[in-house]
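Have a look at the structure below before the remarks.
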Amino acid sequence: MITFVLIYNILIMKIVLIGAGNLATNLGKALLAAGHDILQVYSRTMESASRLAVQVGGSPTNDLNRLVYTADVYILSVKDNVLAELIPKVCKGREKSLVVHTAGSIPLDSFMGMTFHYGVFYPMQTFSKDREVDFQEIPVFIEYNDNFAKRKLELLAHSISNHVARLDSADRKYLHLAAVWACNFTNHCYDMASEILERHGMSFEIMLPLIDETTRKIHKISPQAAQTGPAVRYDENVIRSQSELLKDIPLAKDIYERMSVSIHRRNLESAQTDSRNV
């Protein structure tokens, strides 16, 4: 019984969320569901802070000077370009607590000289405020500067995710780059496809079975092996014809042509590698 109480007290942390965007919203909900105590939510606007505070608890604020000093963990989940401004303000006077950011491309040493215990808490997933996600299935990558931060981050990460791993700043940059290709660029292609269809009176919904099967395939085979379409064999007649259909959207036309060349070259490189391995 005593052991259970001690473990419970260690796991439940008092948290301040700095940010109220897509990631902060989903992370706050996951932390609340895991039993953590959200003390405060900060955002640049009181409206955003209040909206998230209603969902996850704690008091809203748009004034960094009003942040409490009693939290176990301060989580900065904001745009990368404001981290340099916010980190020293959040860290000041809170040197005994853990301060972390959630950015994929910002290094751990962005905290250096600002506080004693710091780290990175990077959930690799795409988030939207109005879409619930299962955080237990999301890989969370952590990094820390000392054993105090290590222990806190491991407990925090394992309380909401079944997939936790340590990853240093150098490798995390490449992970984030790969995520941009796999998620953001892919979604942009969906958006481009949607525009083409809408221009010709068709609904994007007709793409969903194709998108779903493409995604299912790469659970079983590599993306390279799953690649199909005219660019793989570089069918110039089809490529030229489709490129011409995009003449009214010059940027899309350029992307289409460059993407076709890239796909074909990747296919040739793969075939050459396979032949050498025979």
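Where a number appears in this text, it was derived from the coordinates with a stated rule and is not lab data. Just so it is clear, the structure is predicted and the values come from calculations on it, not from any experiment. Glycine also receives a Cβ, built like all others from the backbone with ideal geometry; neighbour counts cover every protein chain displayed.
Under 13 Å from the Cβ of residue 157, count the other residues' Cβ atoms, weight Lys and Arg +1, Asp and Glu -1, and hand me the total. Don't skip to the answer; put the middle values down first.
Working: positive: 150, 151, 152, 166; negative: 143, 154.
Cβ neighbours under 13 Å give a net charge of +2.
Can you divide the C-alpha Rg of the chain by 2.2 N^0.38 Å and report the result to two decimal places? Please list the in-between numbers first.
Numbers: Rg = 23.0 Å, N = 278, 2.2 N^0.38 = 18.7 Å.
Computed over Cα atoms of the chain, the ratio equals 1.23.
For the stretch 2-167, what is the percent of antiparallel DSSP beta bridges, rounded to the nearest 5? Intermediate results must be reported in sequence, preceding the final value.
Numbers: 5 of 29 bridges.
Restricted to the stretch 2-167, the bridges split so that about 15 percent are antiparallel.
What's the exposure ranking of 186, 45, 61, going from fewest to most Cβ atoms within 10 Å? Spell out each step's value before the answer.
Working: 186 14, 45 11, 61 19.
Lowest count first: 45, 186, 61.
Looking at the stretch 140-238, which trypsin sites (Lys or Arg not before Pro) are in a loop (DSSP not H, G, I, E or B) and have at most 10 other Cβ atoms within 10 Å? Numbers along the way, then the final one.
Values: sites: 150, 151, 152, 166, 172, 173, 199, 216, 217, 220, 233; in loops: 220.
Sites meeting the loop and neighbour criteria: 220.
Any idea what the alpha-carbon Rg over 2.2 N^0.38 Å comes to for the stretch 170-278? Mind dumping the intermediate values first?
Details: Rg = 15.8 Å, N = 109, 2.2 N^0.38 = 13.1 Å.
That ratio works out to 1.21.
How far is helix 208-217 tilted off the main Cα axis of the chain, in degrees rounded to 10, range 0 to 90?
80
I'd like the orientation of helix 46-56 relative to the chain: the angle between its Cα long axis and the longest Cα principal axis, in ° from 0 to 90, rounded to 10.
Relative to the chain, helix 46-56 is tipped by roughly 80 degrees.
Under 16 Å from the Cα of residue 129, which aspartates and glutamates turn up, not counting those fewer than eight places away in the same chain?
Filter leaves 47.
Rounded, prolate or oblate, given the Cα gyration tensor of the stretch 29-91, with a/c below 1.5 counting as rounded? Let's see the in-between values first.
Values: a/c = 1.59, a/b = 1.37, b/c = 1.16.
Prolate is the answer for the stretch 29-91, as a/c is 1.5 or above and a/b outweighs b/c.
Can you tell me the dipole magnitude for the chain around its Cα centre, using point charges on the Cβ only (Lys, Arg +1; Asp, Glu -1), in Debye to the nearest 20?
Around 580 debye, computed over the chain.
Going from the alpha-carbon gyration tensor of the stretch 2-167, what semi-axes, largest first and in whole Å, does one get by taking the root of 5 times each eigenvalue?
Values: eigenvalues 82, 72, 57 Å².
In descending order, the three semi-axes are 20, 19, 17 Å.
Would you mind checking the tilt of helix 250-277 against the longest principal axis of the Cα atoms of the chain, expressed as 0 to 90 degrees and rounded to 10?
Taking the Cα atoms of the chain, the angle to 250-277 is about 90 degrees.
Longest exposed-loop-site-free stretch of the chain, with GluC sites (Glu not before Pro), DSSP loop and at most 16 other Cβ within 10 Å?
Details: sites that count: 95, 132.
The reported range is 133-278.
Can you put 174, 74, 234 in order, fewest other beta carbons within 10 Å first? Numbers along the way, then the final one.
On the way: 174 12, 74 26, 234 15.
Starting with the residue having the fewest Cβ neighbours, the order is 174, 234, 74.
What does the charge count around residue 30 come to, taking other residues whose C-beta lies under 12 Å from its C-beta (Lys +1, Arg +1, Asp -1, Glu -1)?
On the way: positive: 29; negative: 132, 134, 137.
Net local charge, residue 30 excluded: -2.
Any aspartates and glutamates with Cα under 16 Å of the residue 29 Cα? List them, leaving off those in the same chain fewer than 8 positions away.
37, 130, 132, 134, 137
Pull up the cross-link candidates among the aspartates and glutamates for residue 96, meaning alpha carbon to alpha carbon under 13 Å and not fewer than 8 places away within one chain.
The qualifying aspartates and glutamates are 72, 146.
Find how many whole Å separate the alpha carbon centroid of the stretch 11-62 from the alpha carbon centroid of the stretch 168-204.
That distance is 28 Å.
Under the rule of -39500 (n - 2.57) per DSSP H run of 4 or more residues, summed and divided by the residues of the chain, what mean residue ellipticity at 222 nm is obtained, to the nearest 500 deg cm²/dmol? All intermediate terms of the calculation are to be shown ahead of the outcome.
On the way: 12 runs with 140 residues, N = 278.
Calculated at 222 nm, the ellipticity per residue is -15500 deg cm²/dmol.
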